[in-house]
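In what follows, a single structure is set out as structure tokens and then discussed.
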Amino acid sequence: MADRRSFLKASALGAAAGLPILTACAQAEDEATAQAPDQGPAVRPVALATWIHGVDANRAAWPILESGGRALDAVEAGVKVPEADPAITSVGYGGAPDRDGRVTLDACIMDESGRCGSVAFLEHILHPISVARRVMEVTPHVMLVGQGALDFALAQGFERQDMLTEEAEANWRRWMSENGVTAPPPINAENHDTIGMLTLDRDGNLSGACTTSGAAYKYHGRVGDSPIIGAGLYVDNDVGGATATGWGEAVIRAVGCFLVVELMRQGHPPDEACRLAVERVIEKNPDWRDIQVGFIALDKRGRYGGYCIAPGFNYAAKTPDLDELIDAPSRL
Ligand code: ASP
């Protein structure tokens, strides 16, 4: 188990650095009974992010975390990488458009004090995550949507730009000609790839971010789980954080990420909390065999894990000791 492995390595590093080491006895207790989340640091800093593009997101966040910077700054810097990458077809620039050929973006961010900001159904902005952060920092609100979110972004100095790449447009035109204008958006285990990211900084503070262009060829106006605090992302600095990817409607029905964090609060380690939340998603969604949903979670002590419905979901983890891509265990 990746979180266990990094935890053990970090204990060894802690010894070298003169930090307290957990005894074999304490480690055994850790395996037998989930530990209270406030039971001392094990690994810091940590960056955790969904999918293979999470590797570069973690690397972009790392200089901030390594130099003692804030988890919030790290998580924003991290997810801005896939937002700007035209090769990633479900985040930001280059993301698949909706049925009307418009790229509409959802994003949210949450910091260590429980503050949060969100934008949904936002068009023409390269970095929706930074607009979400601005909503959090300069307005009394949590969420702005559509034209209001765009007006706010432009007033805040963000530049308006075209987000539909030639390739995304060609794929959309092909899909429309094969399926017709009245076809429902594809609901299957392939329609995903949102970046969700969680960071734990050297001060032991957690933050999270989630940003996406959403389900490909969705109905115009559709908003998924990714900008919904508690569904696509949740952070509680006393416990841990979680973020989701996959079919957003299924995640919303289970209030997935809030559930993962509450399960960690009850004492479940991150991987088990993710597994139990996937079971809840399955209970609430009779079509679960046709969809993908994956969660990742990071707790206050730097332990992390993930779980998903269908094989194929992976996530990236970076700690002082490792930088890796992990295949999440799956229900199917
Ligand atoms: N969760 C996202 C949504 O439903 C999709 C994804 O994970 O790519 O909008």
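The values are calculated or read from the model by the stated rules, or taken from the named source; none is laboratory data. Here the structure is a predicted model, which means the values were calculated and not measured. Positions of Cβ are generated from backbone atoms using ideal geometry, with glycine treated the same way; all protein chains shown enter the neighbour counts.
The table below lists the values:
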{"quantity": "Region 185-228: number of residues that are in a loop (DSSP other than H, G, I, E, B) and either under 22 Å from residue 128 (Cα atoms) or away from the ligand (no atom under 14 Å from the Cβ) (or both)", "calculated": "25"}
{"quantity": "Only one of 323, 299 that is within 18 Å of residue 260 (Cα to Cα), modelled with pLDDT of 95 or more and among the acidic types (Asp, Glu)", "calculated": "299"}
{"quantity": "Residue satisfying condition, being touching a residue at least 60 places away in the same chain (Cβ under 8 Å) and at positive phi, within set 294, 221", "calculated": "221"}
{"quantity": "Subset of region 102-158 (residues that are acidic (Asp, Glu) and touching a Leu at 6+ places or on another chain (Cβ under 9 Å))", "calculated": "106, 111, 112, 123, 151"}
{"quantity": "Segments classed as helices (runs of 4 or more DSSP H), wholly inside region 229-332, with at least 1 members that are more than 15 Å from the ligand (Cβ to nearest atom) and in contact with a helix residue (DSSP H, G or I) (Cβ under 6 Å, 6 or more places away or on another chain)", "calculated": "256-265, 270-284"}
{"quantity": "Scan of region 313-325 for residues that are of a type in the set (A, V, I, L, M, F, W, C), in contact with a strand residue (DSSP E or B) (Cβ under 9 Å, 6 or more places away or on another chain) and surrounded by fewer than 20 Cβ atoms within 10 Å (Cβ to Cβ), ordered by number", "calculated": "325"}
{"quantity": "Criterion violated by residue 276 - all others in (1) over 24 Å from residue 186 (Cα atoms); (2) surrounded by fewer than 24 Cβ atoms within 10 Å (Cβ to Cβ); (3) of a type in the set (A, V, I, L, M); (4) touching a residue at least 40 places away in the same chain (Cβ under 8 Å) satisfied", "calculated": "(4)"}
